[in-house]
Every structure is written in structure tokens, then in C-alpha cells.
Amino acid sequence: MVTRFAETLADPLMREALAMQGIEETRHGRLLAEMLKRYGIPVDVPAQETLDCSERAFIDFGYEECIDSFFGFGIFGLARQIQLFVPTLTDIFEYVLLEEARHVTFFVNWIAYERIRRGRGAMAVQALSTALGYVRAVKRIVTTFAPSGGSKVKGVGFGAEGAFKMFGGVTWRSFLQSCVGENDRYLAAMDAQLIRPRVLPAIARMALGLPSFGRRPVVASSPSA
Ligand SMILES: [Fe+2]
Ligand SMILES: [Fe+2]
């Protein structure tokens, strides 16, 4: 989707940047496909012809990546702490996550640039558009992972469904601390002049500022476990 959307851009520099993201996403896709095959996990992959490659789809994907990467950083941070994966596997994902940090950084800068270019750069307009973008993304993620699963709206990002089952004693607080800490760590590698995704880290920091927030385990311990 990213590769096809890149091909529609007139600005050669933007086209080149997006094409690179397309190459990286394709590589992530191949890596995940290989892992799914290796572990025998059946997954429905949407046919390429049905993919929406419009600007709207890319914007939806961008906001989803902002959410997915923030929580993904946190989950992998926890996985590293408890040495859930062998180090060679963790090392591979270190590159993937660094690339994701670059994608979300690119996205928030690209969309701010595009809004200014189209005369929609006023602070209030940007804030409203960003809020709407996140609401749309959350709706798509929730719809994708809803138990009914029969909706037409499908997110294309990588979600965290089931990931918590691996972390028995983890509290919401320690999970969010991992998200904030790892998010800071990956984004620190980006050029300091660039803007960064700010919405989720700000909400998470606010929640962590409340002393009573998230002391309960993410996964309730089951009596049979
Ligand atoms: Fe990716
Ligand atoms: Fe990405």
C-alpha cells in the first residue's frame, strides 16, 4: 500500500522517502510471513488488488502506526526484560522497531507539512485533524480486534491482541512505563529538528502521574493457571 501510494506522489523527494518506507514495510511483511509459516500460524492476508492505496488510506495507516508502534515498543521492551525471545530474534526486531520509529516520525512531519502546504496549518485546525486521525485509527483497531470480527473496516497495522497473555505479572503501570521509556529510546535516534508523535506519550505520562494508576495486573491470573 505504501509503495503504491508513493508512486502517486508528484514531489520526487517525498516519493523517494515514501518508496523507502514501502521497501521497509515489504521487508517487515516478508519477515512476519516467514515467522507465521515457520510456527504454522494461519493468517488471512488481504489480496493486493483489494488494497486501498489512496492518500486517505495512507493517513489512516499513519495514525495506526503511531498507536501500534507506541504499544509495540512497550511490549517488546517487556519481552526483552523477561528474555521472552532468544537474543538473535530480539536483535532482528530491534531494526524493525527502529524503522517503525522512523516511519511514525516521517508521518507526523509529512502530515504537518502537507497541512501547512494546503493552508490548514493553523494550530487549532492541526489539533482537530490530529484528534480525528487518532479517533479513526482507534475505531479501526477496535473494529479489527473486536470479538465479532465481521466488520468491513480492517486495520492493516500490527496489533497487540494476545500479546499480554505472555506477561503474567505485568501491571498496566509497568506496561505503560515500558511504552514511554522505549518510545523515548527509539525516537531519540531521530533528528532533533523533527517533530515526534506526541499524543500517546503525553496521555501515558499524564496517566503515570496519577499515583494510583494501573497497579492491577494486565491479565487477571486464572485459577487453573
Ligand atoms: Fe512495518
Ligand atoms: Fe511502518
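Some notes on this structure:
- Shape box of the stretch 51-130 [Cα atoms, principal axes, largest first, Å]: 49, 29, 15
- Accessible area of residue 50 (1.4 Å probe, protein heavy atoms only, ligands and nucleic acids ignored): about 100 Å².
- Listed by number, the DSSP H helices of the chain that run 30 Å or longer by alpha-carbon position along their axis and have mean Kyte hydropathy of at least 0.0 are 55-81, 87-117, 123-145.
- Taking 44, 191 and ordering them by how much accessible surface each has at a 1.4 Å probe, largest first, produces 44, 191.
- Ranked from largest to smallest solvent-accessible area, with a 1.4 Å probe on the protein heavy atoms, 170, 142 come out as 142, 170.
- Radius of gyration and maximum dimension Dmax of the chain, Cα, Å: 18.2, 59
- Between residue 7 and residue 132, full extension at 0.36 nm per residue minus the direct alpha carbon distance yields a gain of 42.4 nm.
- The largest accessible area among 165, 139 belongs to the first residue in 165, 139, and the rest follow in falling order (1.4 Å probe, all chains).
- R0 of 30 Å, Cβ-Cβ distance residue 92-residue 51: FRET efficiency to nearest 0.05: 0.70
- Placing dummy labels 7 Å off each Cα toward the beta-carbon, the span from residue 189 to residue 115 is 2.7 nm.
The values are calculated or read from the model by the stated rules, or taken from the named source; none is laboratory data. Fair warning: this is a prediction, and the values are worked out from it, not measured in the lab. Neighbour counts run over all protein chains shown; Cβ positions are idealised from the backbone, glycine included. Ligands, DNA and RNA are stripped out before the accessible areas are found, and what is left, the full protein with its side chains, is counted by its heavy atoms. Shrake-Rupley method; radii C 1.70, N 1.55, O 1.52, S 1.80 Å.
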